Amino acid sequence: RYPGNFPLGLYDQRGGFCSSSSANWQGFDQDLVELECYLEKQQPVKKVLVHVLQQESSWIFLPSRIEIETLQPGKTTFQLCGQWSAEVKTSLSPTQCVPILITLPDSISTSCIRIRVHGVSSIPSWHPAQGQHAWFFIDEIKLY
């Protein structure tokens, strides 16, 4: 329902306003979304930024967890090299754009990164939509 300008909107440098009505946001109501970033050549990647929207009054929550995996030269399986987890909340948070910056080990050099974004599968009991599946919105992914 909220395709934004997928996939170009994830790296178009435009960013989204703190409103789900901005055309830049990609909205997902899944437990897991995997995004793979292919680089032109093998290079160091020190940080990954995932820019998300938090608008809980509209059922849009921060992801519960984000995992960063890399594919090393000569390997056929991805390896976990960084992650982020949301804090457990006990009340409604204000609407905000949240840049999640995940730092990777200095030794990471890759040409392929997989970003695994885990959604909130059950809205907490303090929310009027408790038990329902939450949305998460992303508008930019940047590699540094």
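May I ask you to compute the full-extension gain from residue 47 to residue 31, defined as 0.36 nm times their residue separation minus their alpha-carbon distance, rounded to one decimal in nm?
Between residue 47 and residue 31, full extension yields 3.4 nm more.
What ranking of 40, 34, 69, 56 comes out by heavy-atom accessible area, probe 1.4 Å, highest first? Mind showing how you got there, number by number?
Numbers: 40 195, 34 85, 69 25, 56 5 Å².
Accessible-area ranking of 40, 34, 69, 56, largest first: 40, 34, 69, 56.
Can you find, among 117, 127, 30, the residue sitting farthest towards the positive end of the charge dipole of the chain, where Lys and Arg contribute +1 and Asp and Glu -1 at Cβ?
My answer, from the dipole projection, is 117.
Send over a whole-number figure in Å² for the accessible area per residue of the chain, probe 1.4 Å.
That works out to 55 Å² for each residue.
In what order, largest first, do 25, 59, 84 sit by accessible area if the probe radius is 1.4 Å?
Descending order: 59, 84, 25.
Got the relative contact order for segment 31-144 handy, in percent, Cα pairs under 8 Å and 6 or more residues apart? Don't jump to the answer; show the numbers that get you there.
Working: 269 pairs, mean separation 49.4, N = 114.
Answer for segment 31-144 is 43 percent.
Of the options 70, 141, 99, report the single residue whose Cα projects farthest towards the positive end of the charge dipole of the chain (beta-carbon charges: Lys, Arg +1; Asp, Glu -1).
The Cα lying farthest towards the positive end belongs to 70.
Please give the contour-minus-distance gain from residue 1 to residue 122: 0.36 nm per residue of separation, less the Cα-Cα distance, rounded to one decimal in nm. It would help to have the intermediate numbers written out before the result.
Details: separation 121, 0.36 × 121 = 43.56 nm, distance 1.94 nm.
Fully extending the segment from residue 1 to residue 122 adds 41.6 nm.
Treating only the Cβ of Lys, Arg, Asp and Glu as charged (+1, +1, -1, -1), what charge dipole size does the chain show about its Cα centre? Round to the nearest 20 debye.
So the magnitude is around 180 debye.
The values are calculated or read from the model by the stated rules, or taken from the named source; none is laboratory data. Note that the structure is a prediction, hence the values are computed from the model and not measured. For neighbour counting, all protein chains shown are included, and Cβ atoms are generated from backbone atoms with ideal geometry for every residue, glycine included. The protein model used for the area step is the full one, side chains on, heavy atoms only, and it has no ligands, DNA or RNA in it. Shrake-Rupley method; radii C 1.70, N 1.55, O 1.52, S 1.80 Å.
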